[in-house]
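Notes to accompany the following structure.
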Amino acid sequence: MKIPALVAHRGYTLHYPENTLVGIEAAIVAGARYVEVDVQLTSDQVPVLYHDRTLERISNRQGSIHDYTAGQLGEFRALDFGRFGYKFAQEPIATLTAFAALLARYPKATAFVEVKRIAVQRFGNSVVLSRMLRELRPVLRQCVLISYSLETLLHARQQGWPAIGVVVDRWHDRNLALVRQINPEYLFCDSEGLPRFGKLRFANARLAVFEVTDAALALRLGRRGVELIETYAIGELQTELERLTAP
């Protein structure tokens, strides 16, 4: 039985604050071949790893990433106090530069780098993509640019980005004209937006589904054509998959 490959969603998020270097490296050490991170820009256009539109949940601060310079954000922490208290009180908000350096140490790992729509809305496609490309160029062969923003991905395709993944919440959105124009190498879909039955295929794209923590569901999706499963619990899900598929 073919087991879908696992993607560490924002790192090893079950045990570490999301989008932090410590959590991403822990996921790779736990066996992740693929990791996923989110990117926004500071007010002085420095790419950093951050998911939320506001700083409150993860950093216990007011405002958004784009309200501060990189220097100011250097004083903030990605501690996720609500889940971990002060355990990660010294963990900084990671820059894309630092992430690229980490990825370079693990040349067999592939990163899905998600452009957040809030960054594009604030700075525009050209600025966001050029700033990201500048930092990722040394490891670009290990990176796949992904986003919900189809206009951003089309812009990236026209610029010659080597690998692109479209992210959708509903399976039928794969048929949007812009998606077909992008012709992505990967298609990510929310597990709750999938049809209940039948094979899952889309052109030549490799299919990825998020967010999955149940091993039996992951195997069922694999039988339907899904190649990649995105999960917050990379180690636990891998262990359970191995148990279920052991001879």
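Residue check: is L102 outside any helix (DSSP H, G or I), hydrophobic (A, V, I, L, M, F, W, C) and modelled with pLDDT of 95 or more?
no
Given the conditions (1) of a type in the set (V, I, T); (2) touching an Asp or Glu at 6+ places or on another chain (Cβ under 7 Å); (3) surrounded by fewer than 18 Cβ atoms within 10 Å (Cβ to Cβ); (4) touching a residue at least 60 places away in the same chain (Cβ under 8 Å), which single one is not true for I3?
With (1) of a type in the set (V, I, T); (2) touching an Asp or Glu at 6+ places or on another chain (Cβ under 7 Å); (3) surrounded by fewer than 18 Cβ atoms within 10 Å (Cβ to Cβ); (4) touching a residue at least 60 places away in the same chain (Cβ under 8 Å) applied to I3, the lone miss is (2).
How many residues does the range 144-156 hold that are buried (at least 22 other Cβ atoms within 10 Å of the Cβ) and either in contact with a Leu (Cβ under 6 Å, 6 or more places away or on another chain) or modelled with pLDDT under 95 (or both)?
Matching residues across the range 144-156 total 2.
Within the range 39-57, take every residue that is surrounded by fewer than 24 Cβ atoms within 10 Å (Cβ to Cβ) and either aliphatic (A, V, I, L, M) or out of contact with any helix residue (DSSP H, G or I) (no Cβ under 8 Å at 6 or more places or on another chain) (or both) and give me the one that is farthest from L136 (Cα to Cα).
The extreme case among them is E56.
Looking at the range 105-136, which of its residues are among the charged types (D, E, K, R), in a helix (DSSP H, G or I) and in contact with a Ser or Thr (Cβ under 7 Å, 6 or more places away or on another chain)? Can you show your working first?
So in the range 105-136, the residues among the charged types (D, E, K, R) come out as 105, 108, 114, 116-117, 122, 131, 134-135.
Narrowing further to those that are in a helix (DSSP H, G or I): 117, 122, 131, 134-135.
Residues satisfying the conditions are R117, E135.
State all residues of the range 41-54 that are more than 18 Å from the chain's Cα centre (by Cα) and not β-branched (V, I, T); if no residue qualifies, say none.
Hits for the range 41-54 are S43, D44, Q45.
If you check G193 against the conditions, is it surrounded by fewer than 16 Cβ atoms within 10 Å (Cβ to Cβ) and either of a type in the set (S, T, Y) or within 19 Å of the chain's Cα centre (by Cα) (or both)?
Yes.
Output yes when any residue across the range 209-220 is assigned to a helix (DSSP H, G or I), farther than 25 Å from R137 by Cα and in contact with a strand residue (DSSP E or B) (Cβ under 9 Å, 6 or more places away or on another chain), and no when none is.
Looking for residues that are assigned to a helix (DSSP H, G or I), farther than 25 Å from R137 by Cα and in contact with a strand residue (DSSP E or B) (Cβ under 9 Å, 6 or more places away or on another chain), one finds at least one in the range 209-220, hence yes.
Can you find, within the range 119-139, the residue that is nearest to G160 (Cα to Cα) among those that are crowded, with 17+ Cβ neighbours inside 10 Å and either without any contact (Cβ under 8 Å) to a residue 12 or more places away in the chain or out of contact with any helix residue (DSSP H, G or I) (no Cβ under 7 Å at 6 or more places or on another chain) (or both)?
L133
Just to be sure before I move on: is D80 in contact with a Leu (Cβ under 9 Å, 6 or more places away or on another chain), buried (at least 20 other Cβ atoms within 10 Å of the Cβ) and closer than 27 Å to S149 by Cβ in the structure I sent?
The answer is no for D80.
Go through the residues of the range 117-132 one by one and say whether even a single one is at pLDDT 95 or above and more than 28 Å from D169 (Cα to Cα).
So the first thing to find is which residues in the range 117-132 are at pLDDT 95 or above, and the list is 117-132.
Then keep just the ones that are more than 28 Å from D169 (Cα to Cα); that gives none.
No, because not a single residue in the range 117-132 is at pLDDT 95 or above and more than 28 Å from D169 (Cα to Cα).
Among the numbered criteria (1) in contact (Cβ under 8 Å) with a residue 24 or more places away in the chain; (2) in a loop (DSSP other than H, G, I, E, B), which one does Y86 miss?
Single failed check for Y86: (1).
Just checking, how many residues over the range 48-76 are free of Cβ contacts under 8 Å to residues at least 60 places away in the same chain and within 19 Å of V128 (Cα to Cα)?
Looking only at the range 48-76, we keep the residues that are free of Cβ contacts under 8 Å to residues at least 60 places away in the same chain, and these are 48-49, 52, 54-76.
So of that shortlist, the ones also within 19 Å of V128 (Cα to Cα) come out as 48-49, 52, 54, 64-71, 73.
Final tally of qualifying residues: 13.
The values are calculated or read from the model by the stated rules, or taken from the named source; none is laboratory data. What you see is a predicted model, and the numbers here were worked out from it, not measured in a lab. FYI the Cβ positions are ideal-geometry reconstructions off the backbone, even for glycines, and counts take in every protein chain you see.
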